[in-house]
Each structure stands twice: as C-alpha cells, then as structure tokens.
Amino acid sequence: MGDSSDDGNDLEPQATQAEYGFVLDSQNECNTKLRHPSPERIRQLWQIFTENIDPLTKVVHVPTLGQAIESTVNSPGSISRDFEALMFAIYAAAIYSLTEDDCNQRLGEPRKVLLSRYISSAKTALSKAKFMGTTSLVVLQALFIYIIAVRDIYEPRAIWSLSGVAVRIAQSMGLDRDGEHLGLSPFETEMRRRLWWQLKLHDFRTAELCGIAKFQDLQLHTGPESTKWPTNVDDNQLHPDMSSPATAHSNKLTDAMFICLKCELLNYTAERLTNLRLQGKTSNPWDPQTPGTNDKISESTKDIEQLLESKYIRYCDPSHPLHLIVMLMARCSINVIRFITHHPRRWENTEKTPPLSERRFICEICLKLLEQYNMLQSTPLLKPFAWHAPYFQQWHAIIHVLDSLCADPLNPEADKAWRLVGFTYDNNPDMIYDLRRPLHMAVGNLCLKAYGKREAVMEKGSGLPVPGFIAQLRRQREDIRSKRARAEVQPEGVTGQELHPSRPRADRHKTTDDEQVPAESTNYLLGHSTALSDQDYSRSTINGSDVIQVVGDGRTQEEVEEDNNMVSWDQWDAWLAESNVYI
C-alpha cells in the first residue's frame with residue numbers, strides 16, 4: 001500500500017461542491033480506486049486518533065479495533081468495504097486533530113495536503129460502502145468520524161443535514177432503542193449507546209450553529225425501551241465475548257468520562273425542559289420571560305454544580321489531559337448555565353436598567369468563559385484536544401464583553417478583558433482572516449469600536465501600545481476601503497477578480513498577515529454589520545458569489561450602535577444564525 005500521489009490542493013472545491021454531491025451523486029466515487037497509506041503511516045495515524053480523537057468521542061472500541069487494524073495492515077487484501085470506510089475516516093480525523101506544524105514534524109507533509117487527501121478518500125470509501133442504506137454499525141461509526149473531520153470545512157448547514165442523515169440511519173438500525181430490549185449482546189449494546197448519544201449531541205450543537213434556538217429541538221424519549229446513557233467504564237472492561245453488562249464506576253473517572261459528562265448535562269437540560277412543559281410553560285428552560293423561571297434555574301444550577309463536583313471534578317487529576325479537559329468543560333458548562341440565566345437580554349425590552357451588581361456579575365461570568373475557552377486552546381497539556389474548541393466558541397460571551405467595554409472603557413476589568421479578547425483572536429486567526437462569515441466581520445467591527453473608545457478616554461501621552469490583533473483588523477479594513485474605492489473607478493475591461501483577488505479559507509492553525517481578503521466580503525464588511533431583517537437586505541452576485549447588500553436605511557453598524565446604549569440581542573441572534581453562511 002503506497003501513499004496517494006494526490007497533490008492535495010486547497011479544500012475549497014471540495015467544501016463548496018462535494019459536500020452535496022457526496023449524498024446526491026456518488027457514482028464517480030464508487031468507481032475510484034482507493035490507496036491506503038503505508039503500514040507505518042497507518043500505525044501513526046491510528047496512534048494519533050487514539051490520543052486525540054477517541055477520548056472525546058468513544059464511538060469505537062480501541063482494544064478490539066486496534067487488533068483489527070493491525071490484522072489489516074498485515075493482510076491488506078482482505079479488507080471489507082465497511083471496514084475500509086472506517087479506516088479512511090480515522091485517517092482523516094487524525095489529520096484534522098493536528099496543527100500544521102505537527103503534520104510537518106510527524107508526517108512530513110502539509111496539513112491541507114493530507115486532510116484533502118484523506119477526506120476525499122473517506123468520502124469515496126463511504127460511497128463504496130453504500131452508507132445511505134447501510135445496516136452496518138461499522139459504517140455508521142465511519143460516517144460519524146467523517147463528520148467530525150469535515151465539520152470545520154463544509155458549510156455548517158451541510159454538516160447539520162449530514163448529521164441528520166446519520167441520525168436517520170441510526171434510527172433505521174434501531175439505535176434509538178436500547179440493545180437490552182433488542183436482545184443484543186452487552187458489548188454491542190454499550191457501543192450502540194455511545195454512538196447514538198454522540199450522534200444526538202452533535203446534531204443538537206450543529207442545529208444551534210445553524211440558527212436553531214438553543215434547546216428548541218431538544219426532545220428525548222425516556223420510555224422503558226429508549227436508549228440508556230453510556231456507562232462510565234473503561235474500554236478494558238468491555239469485550240465482544242462479555243456475557244453481562246460492565247458495572248459502572250461511581251467513584252472514579254474512566255475512558256468514557258468525557259461523553260458521560262456531556263450526557264449528564266444533556267440529561268439535566270432535558271429534565272428542566274420536561275418540568276416546564278408539564279407546567280404548560282415555555283419550551284425553552286432558560287427563557288427569561290417565563291415568570292419565576294430564573295429563580296428555579298438558579299436553584300437547579302446549584303444542584304447540577306454539586307452533582308458535577310461530586311461525580312466528576314473531585315476525581316480529576318489536572319496533570320492528566322483527559323481529566324483536565326473534563327474539569328474545564330464541567331466548569332465552563334456551569335458558567336454557561338449561569339450566563340443564560342442572567343443573560344443581559346432580560347433587560348433589553350424593559351425600561352429598567354440592570355443594577356451595577358448584576359452587570360458586574362454577568363461580565364465576570366463572561367470573562368471566566370473566555371478564560372476557560374482560551375485555556376482549552378492554549379494549554380500545552382490540552383494540545384491533543386484543541387481541535388474540539390472552535391466548534392464551541394462562546395460568541396455571546398465575546399459580544400457581551402466587547403459591548404461592556406464600549407459602554408465603560410475604563411472598567412476595572414478592562415485590562416483583563418482586552419487580554420482575553422486578544423488571546424481569543426490569537427487562538428482563532430480565522431476570526432480575522434475568514435471574512436466569508438458575517439459574524440467575524442460584525443465582531444471585528446464591535447471590537448474596533450470598543451478599542452477606539454478605550455483610546456479616546458485614555459490620558460494623552462500614556463503610550464498605550466496597540467495590540468497586534470487590533471492593528472491587523474485596522475489594516476484589513478483600510479485595505480478593503482482602498483480596494484472598494486478602486487473598484488468604484490474601475491476602468492472598462494478590468495474585472496472585479498483582477499482588482500479583488502480572493503484567497504482560500506485560512507488554515508485553522510496557521511495564517512499569515514499578507515493573506516488577501518476575499519472580494520466577496522468587501523461590500524458587507526464596509527457597508528453594514530448589524531443583523532438585518534428580511535426587509536433590510538437583498539441578494540446580488542459579485543464575481544459569481546451570493547452577497548448580501550443593504551437596501552434599508554443606509555446606516556453603518558457604528559451609526560446603528562450609537563443609537564443604542566446596549567447590544568441588540570435580537571440582532572446578534574440573527575447574526576449568529578447567519579454566522580455560517582459564507583458570502
């Protein structure tokens with residue numbers, strides 16, 4: 001088996017076309033011959049997968065699968081189509097979890113080359129395995145791992161649709177019913193539980209990223225035959241020949257602790273939701289408009305905090321990467337619940353002004369969220385799991401912190417806040433360079449406005465150094481203004497493409513200062529960055545791309561914001577809904 005000679009050009013064509021053809025037209029893929037990496041490379045990729053991906057997913061049984069992969073390496077001619085799909089999905093996910101430097105050092109090739117190669121091969125392998133009509137748990141495992149590998153590449157609405165396909169396949173295979181009621185073995189029952197809940201958790205999160213209100217689509221069946229939660233056991237307690245279910249640990253953390261924590265939080269939310277529905281109240285357990293809701297949530301927040309502390313956090317060893325990320329995610333989740341409970345939107349449509357103590361409390365929570373999120377991305381011990389962070393960016397916390405800095409530039413926590421905002425930009429360069437996401441533009445504009453107000457109130461001659469990310473944002477916008485000015489006087493015969501060279505999407509882990517801003521972004525960035533209603537925008541085409549153009553009152557984001565003392569959360573909700581529409 002030799003490595004593919006594919007040169008791995010940018011992922012852009014794949015991200016914009018193949019994500020749909022993958023489901024609707026797989027004939028070409030089925031006729032493509034697949035080439036596996038060398039045996040040594042396969043072992044490398046498997047090790048990377050077990051270190052970086054498996055601890056946070058647990059949809060495969062590492063001891064059993066490791067033996068099967070080793071047998072395949074030694075006898076490549078005997079591989080089945082189902083297992084081949086799983087292997088290529090593992091290759092792709094392993095590369096996805098690495099940084100650019102890691103790829104070069106460990107594998108000797110650029111990340112984008114390898115990622116493009118193995119994503120394409122995994123897609124082909126899934127098509128060959130006829131995944132759309134499969135009844136194979138192995139193929140479903142491969143599909144889920146493939147979705148993980150492409151979720152930062154494909155348009156999130158495509159990922160949500162693909163996640164929906166995976167959930168429907170799982171339902172058709174009966175994964176929404178517990179294996180005990182289907183007469184399945186204890187081993188298969190446990191693996192089905194893990195896969196089912198990972199599919200559901202991912203589907204819920206992807207729905208949020210596509211604009212579905214938080215918890216709106218959260219419906220859990222709790223009947224006697226419904227799939228039970230994953231068991232808190234180590235992989236070495238599971239094996240295909242086991243005759244009875246493994247006993248869950250109640251006083252230690254196991255290999256499955258991360259997914260068990262996520263399911264614990266999902267169960268907590270579902271219980272809150274069920275209680276509210278039984279009372280005939282809102283379907284959103286954190287709706288601030290529901291009378292008495294916040295007091296009850298404050299009480300239940302203490303309950304979940306005590307549960308997580310006693311069941312998970314107390315057993316965590318911070319020197320262990322998996323334990324550390326469990327600690328971080330548990331405490332971050334508690335802060336998310338607090339933030340939702342005290343969300344500043346509660347005051348948006350009232351004549352009351354939030355008291356100073358409330359404003360400081362909310363800001364403190366948001367700063368903790370940013371701090372915890374940045375720890376997840378920058379702590380050396382958590383480097384294997386940094387791939388997980390971008391999908392759970394705390395946008396509302398960032399927006400509220402920047403809005404607070406606009407309202408009170410000399411806030412006692414301003415220095416800390418700007419330091420954390422700077423870390424956020426450093427750890428997520430796409431927030432500056434990937435301008436096809438309208439949310440990146442809007443947050444950048446709010447950031448520049450807040451920093452401008454900080455400079456205006458600082459004492460003259462203070463010598464306040466301009467942070468690198470602020471300087472980059474300012475240069476970027478000035479460049480775009482210049483390009484748009486040139487476009488307005490564009491000579492006859494010169495195309496917009498010549499004036500506005502577009503660039504591929506910035507690599508998630510490495511970006512340079514001289515990258516070009518996509519031409520498609522200039523109109524949106526310089527014109528408007530507030531949320532728009534259906535009556536406020538129309539669509540037109542620039543260089544073949546669908547671009548939003550304002551046709552409303554003609555005000556810029558800065559002018560709109562000057563008319564409001566607080567961020568309009570309805571507007572930002574719309575932006576979050578549109579954050580994954582690439583313009």
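The values are calculated or read from the model by the stated rules, or taken from the named source; none is laboratory data. Bear in mind that the values here come from a model prediction, so they are computed numbers and not experimental data. A quick note on method: Cβ atoms are made from the backbone with ideal geometry, for glycine too, and the neighbour counts reach across all protein chains shown.
Identify all residues within the stretch 344-358 that are outside any loop (DSSP other than H, G, I, E, B) and modelled with pLDDT of 75 or more; write none if there are none. So that I can check it myself, show each step before the final result.
From the stretch 344-358, those outside any loop (DSSP other than H, G, I, E, B) are 344-347, 356-358; that's our starting set.
The answer is Pro344, Leu356, Ser357, Glu358.
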Between Met375, Met329, which is closer than 17 Å to Glu264 by Cα and in contact with a helix residue (DSSP H, G or I) (Cβ under 9 Å, 6 or more places away or on another chain)? Met329
When you go through (1) within 30 Å of Ala256 (Cα to Cα); (2) among the aliphatic types (A, V, I, L, M); (3) in contact with a Ser or Thr (Cβ under 8 Å, 6 or more places away or on another chain) one by one for Ile398, which number turns out not to apply? (1)
The one condition in (1) farther than 23 Å from Glu188 by Cα; (2) modelled with pLDDT under 95 that Ala92 fails to fulfil: (2)
Matching residues, the stretch 112-140, being in contact (Cβ under 8 Å) with a residue 60 or more places away in the chain, surrounded by fewer than 24 Cβ atoms within 10 Å (Cβ to Cβ) and farther than 22 Å from Pro39 by Cβ: Lys112, Ser127, Met132
Between residues in the stretch 440-465 that are surrounded by 10 or more Cβ atoms within 10 Å (Cβ to Cβ) and modelled with pLDDT of 90 or more and residues that are of a type in the set (S, T, N, Q) and outside any loop (DSSP other than H, G, I, E, B), which pairs lie under 7 Å by C-beta distance while being six or more apart or on different chains? Asn445/Gln557
For the list (1) assigned to a helix (DSSP H, G or I); (2) at pLDDT 55 or above, I need the number of the one condition that Gln17 fails. (2)
The helices (runs of 4 or more DSSP H) lying entirely within the stretch 144-257 that contain at least 2 residues which are among the charged types (D, E, K, R) and modelled with pLDDT under 95 are 186-209
Quick check on the stretch 99-111: of everything there that is free of Cβ contacts under 8 Å to residues at least 60 places away in the same chain and not charged (D, E, K, R), which residue is farthest from Thr32 (Cα to Cα)? Gln105
Quick check on the stretch 349-382: of everything there that is of a type in the set (Lys, Arg) and free of Cβ contacts under 8 Å to residues at least 24 places away in the same chain, which residue is nearest to Cys332 (Cα to Cα)? Arg360
Could you check the stretch 93-125 and list, in sequence order, the residues that are outside any helix (DSSP H, G or I) and either touching a strand residue (DSSP E or B) at 6+ places or on another chain (Cβ under 6 Å) or not acidic (Asp, Glu) (or both)? Ser97, Leu98, Thr99, Gly108, Pro110
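Would you check if Met431 is crowded, with 22+ Cβ neighbours inside 10 Å, within 28 Å of Asp203 (Cα to Cα), within 19 Å of the chain's Cα centre (by Cα) and free of Cβ contacts under 8 Å to residues at least 24 places away in the same chain? Walk me through it before giving the result.
Numbers: crowded, with 22+ Cβ neighbours inside 10 Å: yes; within 28 Å of Asp203 (Cα to Cα): yes; within 19 Å of the chain's Cα centre (by Cα): yes; free of Cβ contacts under 8 Å to residues at least 24 places away in the same chain: yes.
Criteria met by Met431.
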